[in-house]
Every structure is written in C-alpha cells, then in structure tokens.
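Report on one structure; see the data block that follows.
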Amino acid sequence: MKKTTAIFFFLLFPFLLRAQEDFETNVPGKPVVVGESFQVQYIFPGTNKITNFKAPVFRSFRFISGPNQYTGSVNSISGKIPVVNFVFTIEATRAGRFNIPGATATINGKPVQCDDAFVEVISVQQSKKTAERGSFTNSDYVLRPGEDPYEKIRQNLFLKVMVDRNTCFAGEPILATFKLYSRLQSTSDIVKNPGFYGFTVYDMVNLADKEMVTEEVNGKLFDVHTIRKVQLFPLQEGVFTIDAMEVINKVEFSRSVVNKKTEQEITEGVLNDEEEILNENTELYETKMNTAPVLIRVKALPNKPVLFDGAVGHFSISSSLIKNKIAKNEEGVFEIIISGQGNFTQLNAPVIQWPKGIEGFEPTINDAIDKTQMPLKGTRTFRYSFTCTKESKYQLPAVELIYFNPGGSYKTISSSPVIVEVGPEEKKNIISKEKKISITATNASASKIAAIIVVSLVVIVMIYWLRYKKAPETVKEENEVWPSIQEFLAPAYSVMDLDDKQFYAALHQSAWDFFIAHFHLSGSDINKEKLISKMKAGGIADENIAGVDNILKKCEVGMFTQANIAENKEELLRHTEEVLKKISSDLFKPT
C-alpha cells in the first residue's frame, strides 16, 4: 500500500509544484472513449487537514467508485508540503465535451473550491477511425491544381438545422439543433442567430459547451460542432417560422501537400476583419452560408376542459405542510409540488379553495428543472403562505391538475387533502413586515378597479394613438436607423384586448427586439445579465436599468404564472415606452 501511495504521488508531482492554495481538478488530457472508466482527482496541496469535503454530481457519467482519499507529502521548491487527494472513478456514457465541476472543502476554517475541468468523450467508432484521421496527406486542406475552392468549400463545410418534428400541439416541445459540418481549416462567425418568435426558448447546448463529435457523411468523416440546441415551447396554435442562422467563413487552403490536421474555430459576432498573415503557399477564401427557414405547424389542443390551464406533458402532484401544527397568527406554509416532464414554463399556480377562517396569500415559485432533458424534466414548487386567527383543525383541500398527454388525451390528477391544526397560543409579529396581498384582497381590488379600467380604456387609447401618430421617428447613429419605439411596441398594442398571456408574451418580445437592435445582442447573449452589463457599459442611467429589469420581470410573471400584476396593461405599456425613450436618449445624447 505504501509503495502504491508513493507511486501515486510521484505521478501527481508536476501538479503540486505550485502555490499552496492552488487547488486542482485533474482529468485525463486525452479523449476518453464511450464505455471506458477514468479518474477525476481533486488535489489539495499545502495541508493534510480538510473537513466538509463535498463532491459535485457527475452529470452525464455513470458513477463507479469514490471518493478514495490519499494523504502524504511531496517535495516542492519551498520544501516538503502535505497533500490530500480525493479520487473518483466514473464511466463515460455518451460522446461530447463535458464539464467536470470542482469540489468544495474547508481548510483551516476557510471554504475553498477547485476549478472546473473539461473532458472530451469520443465514440467507439471515432476512436477506431483515429488512424484514418491521422492521415493528413489526403486532407481536404490541400487545394489541388484545377480544383474550384468555392465548390470544395460547399462540399466540405456546411450548416444543418434539424427539428424532431414539424407539427405539434400548443405547449408540446420542439427540439431544434443547429450543427456545423467541416473537413476544412476554417474560422466561422455566426452573424445572425435564428429568431424563435411564438415560442418560449430553453437552451440545452450552445457554443460555450464546445460539443463536437465525428460523423460520416457520404463516406467522409466530418467534425460536427453543435452550435446550438434548443427546446421550443409553442405558446399558441398557428404556423411559425424558425428563422435562418447565417455564418461567415474564412477558409484556409494550402497549394502544397503538408502534414496538417484541419481545425475549426467558431465564434459569434467577433470575426476579425483585419488582413491575416498567411504562410507561403496558403490562400484564404471567404464564404457565407445559412440554414433554410423551418416552418412549424402548431395545432390547437382538442376539446379543452373548462379547468384546463395549459399543462402539456406527463406530471404528478403532491401537497404537504411545512408544519402541521401552528399557533394563531403564525404564518404557515402549504406546499404543492408538480413533478414530471413537459412545459414547466407554462405551469400556472393552482387555485386554492381556502377553508373559511384561513387567509391565503399568493405563492412563491421555485423550479428545479434539468434543461438537458427533452422534454424538460424536474419539479415546480408552489409555496403558499397562510394565517389563521381561530383555534381549530382545518382541512386544506386536494388540488387538481389537468394536463394534456401528447398521445392525445387529457388526464386529471390530484393531491391528497392535508390537515393543519391551529393551537390556542398566539404569536405576534410572526409575519414578515414585507407587504403581502391575500388572494381575497387581490380579487376584491380587481373587482373595484375593473369598472374604472373599462371606462378609461377608450379615452386612454385614443389619446395614445393621436400622440403616436404625430411622434417623429427617432434618428439613430449615422447610417443606422431603427423603427420608432411605437413601432417596436406595436405587436403588444395589437394583442392588448386578448388574454393576458398573449399580451405579456408580445410585450416581452417587443422589448427584447428593441434591446437586440440597440445593444447588438445575438444568440446566447440574449439574456438579462448580458443586457444589464451592456446597458451599464453604454452609460444607461441606473434608474432606467432598474426599470428594464422590472418590466421584464412583470412580463415573465404574466407569461408563466397566474399572479396578479398591479399595473394594468395600458399603464405597463406607457411605462415601457417611457423607459425605452429614456434609454434611447441616454444612448444618443450629444457627447
């Protein structure tokens, strides 16, 4: 055992000649073949006292054994240092490039974490053809006399978009995958990502994942890069288009036979226009390619039951209390968990029929969803706070969920009722001082303002239309003119009289169209964090950034939950217009 340990640390020695606090995640440097096991090592030099070691979950791998802990010491530049190493053995189950998360531990009372690492897994077929891939003399990198470079590019470098179906029901997911196939030495820049209008989008794979496999096409081996893989949940019936993805390529050829393995680089919006320095006998060609638009026909769900609320997939439901016995005025929590696979983004909060004497509040929503699964798999948890002022036992009712099985039928499932006991003691100041609006109060408030909204709606719309009719189109930077803010928001105005979900979805998309145009966002950059970063860099005032965040949150709540939003549609549209105008002013004010 001592001999084995000594050999083990001798192999680790190159990784330990570093600073004392350089904690490492060590994985094989060469590709691993599907079905083979390999070791993941978490190395902690400079100490032999480690507590609270916590290993990550090795997703996409089969766990074999571990952790096996090794302690000892090695010589370093500063003398002998203690070392602790935790070793796991796992098995690769599918091809791709995968993230190995870093582990965490406590050293001398201080929490530390190893960096993440990546491991490449190749298929058995790919490993068998390594010898073929190593023969570069027949490489398509060489442009032989008489060959047309553009025809050679067309045959050896192309884009594909694949969908798992072209017809589905509203709420049923579509899987869309964009792949680049290449046998050439190329740099490809994504200049236009596809639009997914009419869908809620969940990204499964993007450029940052660097997923690449080898596939055979017409007897030739291609490096196949997954540029983007998304789940698309259609919001309503109709015919929708997945727009084209556009890519500009710079391809390098050699006029002489050289021993070179071709490589591909894929970027997004950062292709360098500067002239590249080429080696002797090499030439550079530029081409543009795109995928074809894809039509998706979304069918209406048949014969929808009255209480059906849009859930599509396969689900189960359960309910429970955080505490089964509470005091008077103490805040209780009623929890409903919906598990399964399907359109979690469109699962609304169930309506609770609270017993007389219990005051219920709007729920908070927490998701634990695995976006790598198709369809989405996981849980959505609704936590309802409630209070009671009278001692008694109360039965909280069973909660029903009606969902549509894509096989063609509706299913009704329900949780079990639960009993909460309210004791004689009384607790004061238990409920958070943060303002909570009960469901009863919300409904009463909505009834009171309904008449006011109806009366004022016509007047407000007329004033706005007269005002918009005269509003001049905003002139942007030289040689760059975009639609006016009213034109950006036109889709939201057009569905203002339809149901809330359609309105909030249209406003959400309209706002993002404005941000995409003004801040040059595309692909995986289209997210709230990146937008806020761009706005700060563009000198947008903090109050306007906060306004944007507030608008997007309200749209998301309106799209995906049943929560009541304080502002009515007209007020939210007016507020959105004001914020967008202020942002335009910030962007284009004189310097």
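Go through segment 286-305 and count every residue that is touching a Lys or Arg at 6+ places or on another chain (Cβ under 9 Å) and part of a strand (DSSP E or B).
5
Can you name every residue in segment 385-402 that is closer than 15 Å to SER318 by Cβ and crowded, with 18+ Cβ neighbours inside 10 Å?
Selection gives LEU396, VAL399, LEU401.
Take the conditions at pLDDT 90 or above and surrounded by fewer than 19 Cβ atoms within 10 Å (Cβ to Cβ) and apply them to LYS371. Does it pass?
It is false that LYS371 is at pLDDT 90 or above and surrounded by fewer than 19 Cβ atoms within 10 Å (Cβ to Cβ).
Given the structure, is PHE503 out of contact with any Phe, Trp or Tyr (no Cβ under 9 Å at 6 or more places or on another chain), under 18 Å from PHE199 (Cβ atoms) and modelled with pLDDT of 80 or more?
It is true that PHE503 is out of contact with any Phe, Trp or Tyr (no Cβ under 9 Å at 6 or more places or on another chain), under 18 Å from PHE199 (Cβ atoms) and modelled with pLDDT of 80 or more.
Limited to segment 214-258, what total is found for residues that are farther than 26 Å from VAL312 by Cβ, modelled with pLDDT under 90 and polar (S, T, N, Q)?
Qualifying residue count, segment 214-258: 4.
Determine whether segment 179-195 contains at least one residue that is part of a helix (DSSP H, G or I) and over 16 Å from VAL294 (Cα atoms).
Within segment 179-195, not a single residue is part of a helix (DSSP H, G or I) and over 16 Å from VAL294 (Cα atoms).
Which of the numbered conditions does THR262 fail, given that it passes all the others? Conditions: (1) modelled with pLDDT of 85 or more; (2) touching an Asp or Glu at 6+ places or on another chain (Cβ under 8 Å); (3) not in a strand (DSSP E or B).
The number of the failed condition is (1).
List, please: which pairs have Cβ atoms under 7 Å, are six or more places apart or on different chains, and start with a residue in segment 307-324 that is in the same structural domain as ILE337 (by TED's automatic domain parsing) and end with one that is in a strand (DSSP E or B) and among the acidic types (Asp, Glu)?
Hits for this filter: SER319/GLU335; SER320/GLU335; ILE322/GLU335; ASN324/GLU421.
Which residue, of GLU359, GLU330, GLU335, is among the acidic types (Asp, Glu), in a loop (DSSP other than H, G, I, E, B), more than 21 Å from the chain's Cα centre (by Cα) and modelled with pLDDT of 90 or more?
GLU330
Which ones in segment 37-52 are modelled with pLDDT under 85, on the phi < 0 side of the Ramachandran plot and either assigned to a loop (DSSP other than H, G, I, E, B) or under 29 Å from the mean Cα position of the chain (by Cα) (or both)?
Listed by number, the residues that qualify are THR47, ASN48, LYS49.
Determine the pairs where a residue that is on the phi < 0 side of the Ramachandran plot, located within segment 152-177, has a partner that is part of a loop (DSSP other than H, G, I, E, B) and among the hydrophobic types (A, V, I, L, M, F, W, C) with Cβ atoms under 6 Å apart, the partner being 6 or more residues away or on another chain.
Pairs found: ASN156/LEU184; LEU157/LEU184; PHE169/LEU301; ALA170/LEU301; LEU175/MET374.
Would you call PHE308 assigned to a strand (DSSP E or B), modelled with pLDDT under 90, over 22 Å from the mean Cα position of the chain (by Cα) and more than 22 Å from TYR202 (Cα to Cα)?
Judged against the criteria, PHE308 is not a match.
In this structure, does LEU376 turn out to be surrounded by 15 or more Cβ atoms within 10 Å (Cβ to Cβ), out of contact with any Phe, Trp or Tyr (no Cβ under 7 Å at 6 or more places or on another chain) and within 20 Å of ILE174 (Cα to Cα)?
In short, no.
Return the residues of segment 285-340 that are within 22 Å of PHE199 (Cβ to Cβ) and among the aliphatic types (A, V, I, L, M); say none if nothing qualifies.
Once the filter is applied, which keeps residues that are within 22 Å of PHE199 (Cβ to Cβ) and among the aliphatic types (A, V, I, L, M), segment 285-340 yields ALA292, VAL294, LEU295, ILE296, VAL298, ALA300, LEU301, ALA311, VAL312, ILE338.
Going through segment 507-544 one residue at a time, which ones are more than 22 Å from the chain's Cα centre (by Cα) and either of a type outside the set (Asp, Glu) or assigned by TED's automatic domain parsing to the domain that holds ASP243 (or both)?
Within segment 507-544, HIS518, LYS536, ALA537, GLY538, GLY539, ILE540, ALA541, ASN544 qualify.
Quick grid of which residues meet (1) surrounded by fewer than 18 Cβ atoms within 10 Å (Cβ to Cβ); (2) assigned by TED's automatic domain parsing to the domain that holds LYS192; (3) in contact (Cβ under 8 Å) with a residue 24 or more places away in the chain; (4) among the β-branched types (Val, Ile, Thr):
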position	(1), (2), (3), (4)
GLU211	no, yes, yes, no
GLU215	yes, yes, yes, no
ASN218	yes, yes, no, no
ARG228	no, yes, yes, no
GLN231	no, yes, yes, no
SER254	no, yes, yes, no
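Quick check on ILE532: is it at pLDDT 80 or above, over 29 Å from PHE233 (Cα atoms) and surrounded by 15 or more Cβ atoms within 10 Å (Cβ to Cβ)?
no
Counting only residues that are in contact with a strand residue (DSSP E or B) (Cβ under 9 Å, 6 or more places away or on another chain), surrounded by fewer than 20 Cβ atoms within 10 Å (Cβ to Cβ) and over 19 Å from ASN68 (Cα atoms), how many does segment 97-108 have?
Counting residues in segment 97-108 that are in contact with a strand residue (DSSP E or B) (Cβ under 9 Å, 6 or more places away or on another chain), surrounded by fewer than 20 Cβ atoms within 10 Å (Cβ to Cβ) and over 19 Å from ASN68 (Cα atoms) gives 2.
Restricting to segment 489-503, what's the tally of residues that are within 21 Å of LYS581 (Cβ to Cβ) and assigned to a helix (DSSP H, G or I)?
7
Checking SER127 against (1) assigned to a strand (DSSP E or B); (2) modelled with pLDDT under 85; (3) touching a strand residue (DSSP E or B) at 6+ places or on another chain (Cβ under 6 Å), which single condition isn't satisfied?
For SER127, the failing item is (1).
The values are calculated or read from the model by the stated rules, or taken from the named source; none is laboratory data. Keep in mind that this is a model prediction, so the values were computed, not measured. Note that each Cβ is placed from the backbone with ideal geometry, even for glycine, and that neighbours are counted across all protein chains shown.
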